[in-house]
Amino acid sequence: MEAAALALLKRDASVRKAVTKAKIARADTRRAPSKGSALLIVAETSTGCLLAGDALSGKEKQSGKQLGEAAAKSLLAQLRHGGCVDEHMQDQLLVYGALASSPSHILTGPLTDHTRTGIAVLTQLIPSLKVEVEKKGGTTNLIKLLPHSQ
């Protein structure tokens, strides 16, 4: 499982250049109530960003290799977007940016539904908050949170 994930990542030249470390975590399934599997790969980029890719399987017939490759492909997609946070983190940072006393910017890949919903809710809860989403090219976006009408 882990070997398949690392092999797929190492084949990509842009990953070899951008990623300085990659750690793999596998769920301990010995006490799990089902026969599923989970794999998480966290990569640290040369600029210090931490991005993750994951894969889950509830199917007994999915091989470890398939699960490893799925997790690696998930991570590769995050790396190719060019953002500083992955799809699971972008919506989590909105609240901190909205509550900050100065502008906050989040460079990310495509906006998730959670992020779009978070922006809508925050702008209703904090009427003075202005949120701008700027396309940076390809699938990269810059979310600008401008608190207190700045």
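The values are calculated or read from the model by the stated rules, or taken from the named source; none is laboratory data. In this text the structure is predicted, and so the values were computed from the model without any measurement. Every residue, glycine among them, receives a Cβ derived from its backbone with ideal geometry; neighbour counts consider all protein chains shown. Just so you know, the surface numbers come from the protein's heavy atoms only, side chains and all, with ligands and any DNA or RNA stripped out. Shrake-Rupley method; radii C 1.70, N 1.55, O 1.52, S 1.80 Å.
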> In debye, nearest 20: dipole of the chain around its Cα centre with unit charges on the Cβ of K, R (+) and D, E (-)?
Replying inline: 500 debye
> Which percent of the accessible heavy-atom area of the chain goes to carbon and sulfur, probe 1.4 angstrom?
Replying inline: 55 percent
> Where does the chain land on the Kirkwood hydrodynamic radius, alpha-carbon pairs, in angstrom?
Replying inline: 16.8 Å
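Please check the chain for the longest run free of trypsin sites (Lys or Arg not before Pro) that are loop-located per DSSP (anything but H, G, I, E, B) and have at most 13 other Cβ atoms within 10 Å.
Maximal segment without exposed cleavage sites: 62-150.
Using helices alone, what [θ] at 222 nm do you get for the chain, with -39,500 (n - 2.57) per DSSP H run of 4 or more residues, divided over all residues and rounded to the nearest 500?
Counting only the DSSP helices, I get -11500 deg cm²/dmol.
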> Label-point separation (nm) for Arg80 and Thr112, each offset 7 Å from Cα along Cα-to-Cβ?
Replying inline: 1.9 nm
> If you average the sequence gap of Cα pairs under 8 Å that are 6 or more apart and divide by the length of the chain, what percent do you get for the contact order?
Replying inline: 19 percent
> In the structure shown, do any of Lys35/Lys65; Lys10/Lys73; Lys65/Lys136 have a Cα-Cα gap over 23 Å, and if so which?
Replying inline: Lys65/Lys136
> Per residue, how much accessible area does the stretch 67-150 have with a 1.4 Å probe, in Å²?
Replying inline: 53 Å²
